[in-house]
1. Condition check: farther than 14 Å from Ala115 by Cα, touching a residue at least 12 places away in the same chain (Cβ under 8 Å) and assigned to a helix (DSSP H, G or I). Does Gln221 satisfy that?
2. At pLDDT 90 or above and over 25 Å from Arg183 (Cβ atoms) - does that describe any residue in segment 107-122?
3. Take the residues in segment 5-31 that are among the aliphatic types (A, V, I, L, M) and buried (at least 21 other Cβ atoms within 10 Å of the Cβ); name whichever of them is nearest to Arg100 (Cα to Cα).
4. Restricting attention to segment 101-124, which residues are over 12 Å from the mean Cα position of the chain (by Cα), open to solvent by 20 Å² or more (accessible area, probe 1.4 Å) and not hydroxyl-bearing (Ser, Thr, Tyr)?
5. Restricting to segment 221-256, name every residue that is in contact with a helix residue (DSSP H, G or I) (Cβ under 6 Å, 6 or more places away or on another chain) and at pLDDT 90 or above.
6. Evaluate segment 225-240: report whether one residue or more is more than 21 Å from Glu67 (Cβ to Cβ), assigned to a helix (DSSP H, G or I) and over 20 Å from the mean Cα position of the chain (by Cα).
7. Could you say whether any residue in segment 43-52 is assigned to a loop (DSSP other than H, G, I, E, B), at negative phi and modelled with pLDDT under 85?
8. Quick check, is Val66 touching a His at 6+ places or on another chain (Cβ under 9 Å) and at pLDDT below 90?
Amino acid sequence: MKPVLVHFGGFDVTSYGASKALAALVAGWLIAKDLRRIGRDPGLAYSLTLGGFIAGFAGAKVNFLVENARHLSWSDLGGTGFTWYGGMIAGAAAVLVIARRHGIPASVIAGITAAPLAFAYAIGRIGCLLAGDGTYGKPSDLPWAMSFPHGTVPTLQRVHPTPLYEAIVAFALGILLWRLRPRLSPPHLFALFAVGMGVMRFLIEFLRLNSPVVVGLTEPQLWSLALIAVGVAVGFRSWSRTGRRSPPPGPRAPQPGLRRSGDDGAGSEPGRGTHASASTGSSRVHECWTA
């Protein structure tokens, strides 16, 4: 493990901080690609990413301080100690506000950010693993179990490397979401992200060290259930709305006095046939990136 990557003058570049910066850059780059794909200004990606990044860090820190209010120390006000769900809520709120100011519907921005969020989460968890920040799991004798003697929260015991588990699942989810973009509507993409992340976080908690708070479940597990519920609700609402939509319009019925293209029947007026196929309902509703 390597909590400090580089000593530069009197400044330490930590693996935790570097991973978060890299996560923001990757997310911004992917969001820019998708904005360009749907005909929006790709430069907006960096406003969205910076706003979400700053608000997310603030929300994650506040959530962590509230959770640990009884056992706080001055070190908890530093560069470690963040709770992901607080960051997700604050970051999402900031992104929605910025998107609204630029006329992008919430459903569209939710779909655009789904895969980038999964990749950013995975990169961030690699940083947690390198830092040994205490997000590791319970003692284990499995071949891939690790100890963190030089971590920011050190342990000599071999434990489950739960940040690595989370990173692998989040990377896989990000790849799946990115490949499904042309096939699924933005609400469906967000629903898949929310359910996937919620299930992963719920299950990983059984290997973590967090204490139960309600009916044997930890606080992250309760947040996970809420995230799953949001994903299911968004997915079902989007599916039900799509299912009620009328099919795309077909060709218009021929009007009296007009002949169809290719007809040579007598009685049609000269020159009228040039309008025969002008309106054939060829446009289709592309709900994927406008709903």
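1. Against the criterion (farther than 14 Å from Ala115 by Cα, touching a residue at least 12 places away in the same chain (Cβ under 8 Å) and assigned to a helix (DSSP H, G or I)), Gln221 qualifies.
2. Among the residues of segment 107-122, not one is at pLDDT 90 or above and over 25 Å from Arg183 (Cβ atoms), which makes the answer no.
3. Among residues in segment 5-31 that are among the aliphatic types (A, V, I, L, M) and buried (at least 21 other Cβ atoms within 10 Å of the Cβ), the one nearest to Arg100 (Cα to Cα) is Ile31.
4. Arg101, His102, Gly103, Pro105, Ala106, Ile123
5. Gln221, Trp223, Ser224, Leu227, Ile228, Val230, Gly231, Val234, Gly235
6. Yes, the conditions are met somewhere in segment 225-240.
7. no
8. So Val66 does not fit the description; no.
The values are calculated or read from the model by the stated rules, or taken from the named source; none is laboratory data. Just so it is clear, the structure is predicted and the values come from calculations on it, not from any experiment. Neighbour counts run over all protein chains shown; Cβ positions are idealised from the backbone, glycine included. Side chains are part of the model used for accessible areas, which takes the heavy atoms of the whole protein and leaves out ligands, DNA and RNA. Shrake-Rupley method; radii C 1.70, N 1.55, O 1.52, S 1.80 Å.
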